[in-house]
Structure formats: C-alpha cells, structure tokens
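One structure is given here, and the rest of the page talks about it.
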Amino acid sequence: MHTCSYTNNMREAPMSARLVIRNIGLLLSGDLHRPILDADSVLVEDGRIAAMGKAKDLDAEGAKVVDCQGTTLAPGLIDSHVHPVFGDWTPRQNQIGWIDSFLHGGVTTMISAGEVHLPGRPKDIVGVKALAITAQRAFANFRPGGVKVHAGAPVVEKGMVEEDFKELAAAGVTLLGEVGLGGVKGAEEARQMVAWARKYGIRSTIHTGGPSIPGSGLIDQDVILEADADVIGHINGGHTALPDKQIACLCETCQRAIEIVHNGNQRSALVALRAAKELKQLERVILGTDSPAGSGVQPLGILRMIAMLSSLGDVAPETAFCFATGNTARIHDLDVGLMEIGRAADFVIMDKAQHSAGTNLLDSVRLGDLPGVSMTIIDGIIRTERSRNTPPATTVPVIL
C-alpha cells in the first residue's frame with residue numbers, strides 16, 4: 001500500500017492524466033433525485049469525470065488505480081458559508097491551517113460570505129471593492145491542500161451605486177458578502193443592492209437573526225423578504241435565531257436557498273428542515289459552518305450537520321449528503337458537487353467509523369455517527385489519505 005500526504009504542499013501538484021477508482025461499495029451522486037448510483041467504478045481524465053459504471057466496461061489502461069475496497073465514494077463536500085481572510089490563517093481564532101483541516105473533514109470547496117474578519121477591514125467604497133477583488137484573485141491563485149475557496153465577497157456599505165457592482169463583476173467578483181454585516185441594514189436599501197448585484201451576475205447572501213460581530217444587527221423576516229437575496233444565510237441563526245414562526249414564514253414565502261449552518265441554533269436548524277420537507281423543497285437546503293467564528297473553527301462541521309439532520313431530522317443520510325454537495329453546486333453554479341460526466345473530479349472516500357453501531361456508512365450516519373474519511377481527491381489528484389480529524393474508517397482504500 002502506498003501512503004502519502006499532500007495537504008502541506010500549498011502549490012498545485014501536476015494534474016494526474018488518468019485515475020480510476022474501482023471496487024466502490026456505495027456511490028453517492030449528490031443529486032436529490034437519484035442520490036445513489038449503480039456503479040462500482042469511476043474514470044477520471046485530466047481532472048474531470050470521464051466515465052462511470054462497472055469496472056469491466058471502463059478503459060483503465062495506464063491509469064493510476066485507487067481500490068475503494070467496498071467503501072463509499074461521494075462528491076467532495078461544499079461549505080457554503082465561511083469567512084476566510086488571506087492565506088490559510090484566521091485572525092478570528094489566530095489559527096493557522098484551518099482550511100487544510102477542513103479538507104480532512106471531506107470539504108473540497110468553500111464559499112466566502114465575506115472577508116469580514118480582516119484586521120482593519122476597509123469600509124469606504126474604494127476599499128470595499130479593492131478588498132473583494134484582491135481576495136478573489138488571491139484565492140484563485142492559492143489553494144491550501146487543493147481546496148477551492150471562492151472568495152472576494154464584498155460586504156455592502158452605504159453609498160454604493162450600480163456602477164460599483166458593474167465594476168466588481170467585470171473584475172471577476174461573483175459573490176456578495178452577507179448583507180447586514182456592513183452599514184446596509186434597511187430593507188429598501190438592501191433590496192436595491194441585491195438587485196444591482198443580481199443584474200451583473202453576483203450571487204448574494206443575507207444575514208439572518210441577531211448580531212454576530214460588532215457593527216452587525218438584527219435582520220428579521222421583513223428585511224429578508226424585501227431584500228430577496230439569493231441565499232437566506234444561516235436561517236438557523238448566526239448565532240441567535242429568529243422565532244420559529246419567522247423561520248417557517250421565510251421557508252414558505254421566499255423561494256431562495258435555505259442555508260443551515262453549524263454555528264447556529266441546532267433546534268432552529270430542525271425547524272427549517274421540517275419546513276422544507278413539508279413544502280417538498282429539500283432542493284433548497286444547503287449547508288455551511290459559518291466559521292471561523294467566535295465559537296471556533298469546526299473542521300468536521302459539515303459532516304456533523306449531515307449526521308445531525310439525518311439522525312434528528314428524519315432525513316435519509318444519502319439525502320443529507322446532497323445538501324452539502326449537489327444542492328449547493330446548483331444554487332451557486334459550481335462545477336463540482338455532482339457525479340456527472342464532465343464535472344471536476346473532486347471526491348471524498350469514506351466508511352463507517354470503527355466500532356460504530358451502524359451496519360454500514362449510511363446506517364451509521366442515520367444513527368448520528370460521523371463517518372471516517374479515508375481519502376480526498378481534488379481535480380483527480382489524491383490530496384489526503386486517512387483523515388487526522390475524523391474517527392478512523394473501518395476500511396480504507398488502497399492505491400495500486
């Protein structure tokens with residue numbers, strides 16, 4: 001068996017030409033409509049999914065081989081709500097290597113909800129735009145452990161005009177930081193800025209609930225409905241949640257994404273999930289950690305949310321995995337998160353944790369246990385093997 005660790009190498013490794021992953025016991029698709037696929041092998045060429053099916057039908061000649069040994073292959077997990085700064089460091093917790101640590105929790109893609117913890121963060125309009133463009137450029141060029149961090153999410157401030165959003169979009173900015181964390185908190189003003197952002201292809205997230213950092217404030221259902229942002233950010237509070245009736249109203253009245261986060265009210269998370277289930281709109285549910293934050297950095301936060309929503313929210317575990325993969329990919333128009341031909345080959349290999357009461361991986365998650373991550377792959381390149389953060393997997397893959 002070959003052993004290796006790629007996570008401390010911050011430069012991109014050369015792209016593997018061909019990789020075949022075979023002997024897959026369970027293939028999760030990330031697609032709510034068909035969460036489990038009938039295939040035991042996946043072929044990767046030049047960093048993209050080239051074929052899926054039975055091993056005997058795939059041309060694996062000359063490819064590096066990963067034998068899953070009957071374990072689970074899933075799309076790499078997506079954290080829909082993080083607050084990066086620059087590099088793999090967070091001033092919020094003065095911790096180095098937090099992104100690399102999330103990779104060991106199966107997260108291969110992150111989406112910034114604003115670089116709000118930058119010491120001395122500029123709040124003048126020129127500075128807001130400069131920071132967003134710089135952050136977008138920096139993380140496009142720097143991928144800790146290979147993780148794809150979609151950054152450069154400006155927190156809107158008073159006085160911004162349509163031309164500012166046009167300029168940001170032209171520079172490559174595609175995200176708007178949490179509306180409500182800056183000076184813009186009124187419903188009418190927020191709606192105008194969200195509309196300008198949408199006009200130029202910039203997706204927006206709105207803060208939900210009580211204040212989380214100095215300068216933020218309460219954002220309730222009236223503001224959220226009026227602003228009409230693309231994502232109802234941390235609907236279960238970041239950290240203080242809205243009343244249950246308001247959470248249910250947001251789910252019922254608004255058709256935007258319902259984001260549930262680790263650093264929120266867990267009971268309120270179940271309220272939101274229940275509302276989405278009753279509406280038969282689980283495709284709107286996405287998962288984030290809302291970290292780094294005052295409550296810390298949670299490398300296993302996404303896995304914990306999957307296990308919690310499945311075990312306490314009465315959702316099939318294969319469905320819960322879709323919340324952190326295909327749902328987020330479709331809402332944010334990402335080239336990851338789904339097992340589809342032509343998409344980026346970003347995967348996580350898992351198995352039930354050793355000594356879990358579950359009979360297999362899905363059963364263990366249904367019981368609330370975290371799976372053991374045994375390998376992450378990004379763009380067809382093996383980035384990590386046995387996770388340093390999850391419990392050890394019962395069975396691990398072998399590189400041949």
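The values are calculated or read from the model by the stated rules, or taken from the named source; none is laboratory data. Since we're looking at a predicted model, the values are computed, not measured. Here the Cβ is made from the backbone with ideal geometry for all residues, glycine too, and neighbour counts use every protein chain on show. Surface areas here come from the heavy atoms of the whole protein model, side chains and all, with no ligands, DNA or RNA. Shrake-Rupley method; radii C 1.70, N 1.55, O 1.52, S 1.80 Å.
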Exactly one condition in (1) open to solvent by 30 Å² or more (accessible area, probe 1.4 Å); (2) over 15 Å from residue 286 (Cβ atoms); (3) part of a loop (DSSP other than H, G, I, E, B) is false for residue 311; which is it? (3)
Could you check segment 84-115 and list, in sequence order, the residues that are at pLDDT below 95 and surrounded by 17 or more Cβ atoms within 10 Å (Cβ to Cβ)? 92
Give me the residue from segment 220-237 that is in contact (Cβ under 8 Å) with a residue 40 or more places away in the chain and in a loop (DSSP other than H, G, I, E, B) and, out of that set, most open to solvent (accessible area, probe 1.4 Å). 230
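Which one is surrounded by the fewest Cβ atoms within 10 Å (Cβ to Cβ), of the residues in segment 352-385 that are part of a loop (DSSP other than H, G, I, E, B) and small (Gly, Ala, Ser)?
First, pick out the residues of segment 352-385 that are part of a loop (DSSP other than H, G, I, E, B): 352, 354-360, 367-371, 379-380, 385.
Next, from what is left, pick out any that are small (Gly, Ala, Ser): 356-358, 368, 380.
On the way: 356: 21, 357: 10, 358: 18, 368: 15, 380: 25.
That would be 357.
I'd like to check something: does segment 5-13 contain any residue that is polar (S, T, N, Q), at pLDDT 95 or above and touching a strand residue (DSSP E or B) at 6+ places or on another chain (Cβ under 6 Å)? Talk me through it step by step, then tell me what you get.
Restricting attention to segment 5-13, the residues satisfying the condition of being polar (S, T, N, Q) are 5, 7-9.
Still in the running and at pLDDT 95 or above: none.
Among the residues of segment 5-13, not one is polar (S, T, N, Q), at pLDDT 95 or above and touching a strand residue (DSSP E or B) at 6+ places or on another chain (Cβ under 6 Å), which makes the answer no.
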Restricted to segment 238-254, and to residues that are buried (at least 24 other Cβ atoms within 10 Å of the Cβ) and within 21 Å of the chain's Cα centre (by Cα), which residue is nearest to residue 265 (Cα to Cα)? 238
Residue hits (segment 255-271; farther than 22 Å from residue 203 by Cα, open to solvent by 40 Å² or more (accessible area, probe 1.4 Å) and either of a type outside the set (D, E, K, R) or not assigned by the TED database to the domain that holds residue 217 (or both)) are 265, 266
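Mind checking which residues of segment 169-188 are out of contact with any strand residue (DSSP E or B) (no Cβ under 9 Å at 6 or more places or on another chain) and either hydroxyl-bearing (Ser, Thr, Tyr) or buried (at least 19 other Cβ atoms within 10 Å of the Cβ) (or both)? Lay out the reasoning, then the answer.
The first filter runs over segment 169-188 and keeps only residues out of contact with any strand residue (DSSP E or B) (no Cβ under 9 Å at 6 or more places or on another chain), leaving 169-173, 181-184, 186-188.
Correct list: 173, 181, 182, 184.
Would you call residue 203 within 19 Å of the chain's Cα centre (by Cα) and among the basic types (Lys, Arg)?
Values: within 19 Å of the chain's Cα centre (by Cα): yes; among the basic types (Lys, Arg): yes.
For residue 203, the condition - within 19 Å of the chain's Cα centre (by Cα) and among the basic types (Lys, Arg) - is met.
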Scan of segment 121-132 for residues that are over 21 Å from residue 203 (Cα atoms) and surrounded by 21 or more Cβ atoms within 10 Å (Cβ to Cβ), ordered by number: none
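State which residue is farthest from the chain's Cα centre (by Cα) when the search covers only segment 140-179 and only residues that are part of a loop (DSSP other than H, G, I, E, B) and of a type in the set (Lys, Arg).
From segment 140-179, those part of a loop (DSSP other than H, G, I, E, B) are 142-143, 147, 151-161, 171-174; that's our starting set.
So of that shortlist, the ones also of a type in the set (Lys, Arg) come out as 143, 158.
Values: 143: 15, 158: 29 Å.
Of everything passing the filter in segment 140-179, 158 is farthest from the chain's Cα centre (by Cα).
Assess whether residue 184 counts as being more than 27 Å from residue 77 (Cβ to Cβ), assigned to a loop (DSSP other than H, G, I, E, B) and among the β-branched types (Val, Ile, Thr).
Yes, satisfied.
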The lone condition residue 210 fails out of (1) crowded, with 24+ Cβ neighbours inside 10 Å; (2) out of contact with any helix residue (DSSP H, G or I) (no Cβ under 8 Å at 6 or more places or on another chain); (3) at pLDDT below 95 is (1)
Single unsatisfied condition, residue 118 versus (1) under 17 Å from the mean Cα position of the chain (by Cα); (2) aliphatic (A, V, I, L, M); (3) open to solvent by 10 Å² or more (accessible area, probe 1.4 Å): (1)
